[in-house]
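What follows is one structure encoded as structure tokens, with my remarks underneath.
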Amino acid sequence: MNIIGKQLITARTRRGLDQENLALLTGLNVNDIAAIEAGTVDVQVSTLHKLSEALKWSFSIGDVSI
């Protein structure tokens with residue numbers, strides 16, 4: 001699991017959402033969300049933006065926040 005995956009799990013669970021509900025809110029596929037959380041895919045900035053908007057959460061990568 002990577003940093004983004006850990007942050008996504010934290011944000012999602014704090015909002016009381018499962019992967020399916022997050023997929024509905026963002027228009028993403030459940031498999032994509034699972035892969036991001038597992039750290040098995042590279043995440044595009046546009047995808048992080050969708051996730052951060054839906055979760056009202058900022059993702060941090062080093063000194064950069066999205």
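The values are calculated or read from the model by the stated rules, or taken from the named source; none is laboratory data. In this text, all values refer to a predicted model and were calculated from it rather than measured experimentally. In this analysis, Cβ positions are derived from the backbone assuming ideal geometry, glycine residues included, and neighbour counts consider all displayed protein chains. Heavy atoms of the whole protein, side chains included, go into the accessibility calculation; ligands, DNA and RNA do not. Shrake-Rupley method; radii C 1.70, N 1.55, O 1.52, S 1.80 Å.
Filtering region 4-25 down to residues that are not in a helix (DSSP H, G or I) and not charged (D, E, K, R), which residue is farthest from the chain's Cα centre (by Cα)?
Gly16
Leu28 fails exactly one of the following numbered conditions: (1) in a helix (DSSP H, G or I); (2) within 11 Å of the chain's Cα centre (by Cα); (3) of a type outside the set (Val, Ile, Thr). What is the number of that condition?
(1)
Of the numbered conditions (1) open to solvent by less than 90 Å² (accessible area, probe 1.4 Å); (2) in contact with a Leu (Cβ under 8 Å, 6 or more places away or on another chain), Lys50 satisfies every one except a single condition; which is it?
(1)
Sort out which residues of region 1-17 are surrounded by 12 or more Cβ atoms within 10 Å (Cβ to Cβ) and over 20 Å from Ser60 (Cα atoms), and write them in order of number.
Leu17
Out of the residues in region 18-36 that are in contact (Cβ under 8 Å) with a residue 24 or more places away in the chain and hydrophobic (A, V, I, L, M, F, W, C), state the one that is surrounded by the fewest Cβ atoms within 10 Å (Cβ to Cβ).
Keep residues of region 18-36 that are in contact (Cβ under 8 Å) with a residue 24 or more places away in the chain, which gives 22, 25-26, 33, 36.
Retained after the next criterion (residues that are hydrophobic (A, V, I, L, M, F, W, C)): 22, 25, 33, 36.
Values: Leu22: 21, Leu25: 16, Ile33: 23, Ile36: 23.
It comes out as Leu25.
Restricting to region 53-63, and then to whatever is modelled with pLDDT under 95, among the small types (Gly, Ala, Ser) and under 15 Å from Thr10 (Cβ atoms), can you tell me which residue is least open to solvent (accessible area, probe 1.4 Å)?
Selected residue: Ser60.
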